[in-house]
Structures are given as structure tokens and as C-alpha cells.
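Written below as C-alpha cells is the structure these notes are about.
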Amino acid sequence: MLISESSGNIRIGNHTFRKDFIVIAGPCAIESREQMEEIAEELILRKVFFLRAAPYKPRTSPHSFQGLGEEGLAIIRELKAKYPLHVVGEIVDSRDLPVYNDLFDIIQVGARNMQNFELLKALGKAKRPVLLKRGFGSTVEEWLHAAEYLHKYGNREVILCERGIRTFEPQTRNTLDLSSIVLARNHTELPVVVDPSHAAGRRDLIASLSFAAVAAGADGLLLEVQVDPDSAWSDARQTISFSEFDRILQVLKKLAPLFGKKCD
Ligand code: PEP
Ligand code: MN
């Protein structure tokens, strides 16, 4: 089985998942080169070296912003040449794999594609680690089976990502399932990253859910952050400002070491 054969210590640059606490931050979607450069500079100032950068957005409504597509890929190419950042981005079509291998340091599979088995098989051949989001209607077992697809088809570098599941509670977009972090850590060696942004759907919960995720054993966070969150073209309500991000980082520096992770 997957899990015992993988060490989980995925290394990217100077960072090792499960030893270091990894913070991945950035906007919901790439909107412009200026926006991404501004965010890249803010992250580097804070010694955060993993940038969230989504050129394609799988949206519930076809009328919502779908991402900049190829223009977004060109922006990432420029950013990579200019900044020492590791870029994490969602793939929605396996035909894009060659360009994702070239441009991204971690390839994200979104919640809606967790059981897109042909995409998972194709990503078995990816040259990059895959960050596999849990489907919002998927059990922990189904999530781990999806990880096994990647493994079986050749990719042992899988990072699990809990992003909340759909429940009857209307005050949050989803419900962050803290148990799944513990279960995934108990049943696998794979690192587990937590996305409180898509779980909560509202920015006032992001800090508390982030800290709870650390205490549940998370190896990292995926956070939606913008310079001017209210102006975000998608997911503005859950996107935090850099001042809130600073507050979270300050606490993480103290909290993560208590749970065995380096965070500097
Ligand atoms: C995202 O992280 O950009 C995203 C769309 O999240 P999810 O797939 O978890 O809904
Ligand atoms: Mn989003």
C-alpha cells in the first residue's frame, strides 16, 4: 500500500514537508502581472516562499471568472524568472501536464477533480509533487484511494490537502474536518496541508482554523491572501489581508514547534 512505501518527506528547494511547516499563500486566482508581483514581493519580505497561483479556475457557475488561462501561465513564467518562489497551481486538463511540469513546483488537484481518475493517472507521470485536495463530498477513505491512484501510476510525491466538507451548516461555506487531518496522518506517511480559506468561506475564521489545523498535526497551510482582499475577483470574502497574514505567521512561529515542525 502506498502509504508505507512513501517517506512523506517531500523536498522542494530548502524546504522539506513534514519537517518544516510549509505556508503556501496567494490570491484565489491570477488576475494580472502587477497583482502577482505585488503579492510575490510581500511574501518574500515575510520569508514565505510558496506562492499560490491559479491560471484556471473551475467555477460552479459558467458565468463566473474562469481564470486568465494561457495569459496566467505567461505571468507565472515571468514570476519564476524574477522571484525565488515555489509556485503551486491547479491543473484542470491533463493535456496541460507538460507546461505544468515546466512551470509549477507543486501541481494542485482541486476538490472537484479528486475523483477524476484519468487526470490522476496522467499525474502519476508528473515530474512534480501533487497536492491532492479532498473532495467536499468525499470520505477520508475515498481521498486516500485517490492518493493511491497517483502512487500506483508512478507519483509517490503526494501531499494531501483538507479543504472542508459540505455539511448542513449555512454560516460557513464548508466545515473544516479536523479529524481527517489526524486520520490521514495516522494512516499514511503523506504530508497534510490544510486550506482554511475554502473551508470557512469567510475571513474572520481563517486564523483560528489555521491554529487548530496545526494542533491537529497539519504539515502546512494553503491560504488565500491579497493586498486588497475586497477587490479580489473571486473568493474575496475568504481572502485575508497581509496584516491578518502577519498575525497568523507570528503565532505559527510559536505554535508549529510545539507540534514538532520548524517554522521560520
Ligand atoms: C483552490 O484552491 O483554488 C480551489 C478551487 O479550491 P477547492 O478545489 O478546494 O475548491
Ligand atoms: Mn478560491
* Structure fact -> Taking Lys and Arg as +1 and Asp and Glu as -1, residues besides P98 with C-beta under 11 Å from its C-beta add up to +1
* Structure fact -> Both in Å, the radius of gyration and Dmax of the C-alpha trace of the range 2-259 are 16.6, 45
* Asked: Top mean-square fluctuation among L132, L221, L45, Gaussian network model of the chain, C-alpha springs under 10 Å?
  -> L45
* Starting from the Cα of K262, draw a straight line to each of the lysines and keep only those under 22 Å, dropping any in the same chain fewer than 8 residues away. => K19, K47, K253, K254
* Structure fact -> Residue-normalised 222 nm signal for the chain, counting each DSSP H run of n ≥ 4 as -39,500 (n - 2.57), nearest 500 deg cm²/dmol, is -11000 deg cm²/dmol
* **Under Karplus coefficients 6.51, -1.76 and 1.60, residue-wise ³J(HN,Hα) of the range 203-215 in Hz, glycine/proline x** => 6, 5, 9, 5, 4, 4, 5, 4, 5, 4, 5, 4, 5
* Asked: Stokes-Einstein at 10 °C, 1.306 mPa s, Kirkwood radius from Cα pairs: D for the range 191-239 in µm² s⁻¹?
  -> 144 µm²/s
* Based on the Cβ-Cβ distance from K262 to S61, what FRET efficiency comes out when R0 is 41 Å, to the nearest 0.05? -> 0.50
* Asked: In a GNM of the chain with a 10 Å cut-off on Cα contacts, which of F242, F117, F49 has the highest mean-square fluctuation?
  -> F117
* Structure fact -> Contour minus Cα-Cα span, R156 to D102, at 0.36 nm per residue, comes to 17.6 nm
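All of the numbers you see were taken from the coordinates with simple rules; none came from a lab. If you're wondering where the values come from, they're calculated on a predicted model, not measured in any experiment. Please note: Cβ atoms are built from the backbone with ideal geometry, for glycine as well, and neighbour counts cover all protein chains shown.
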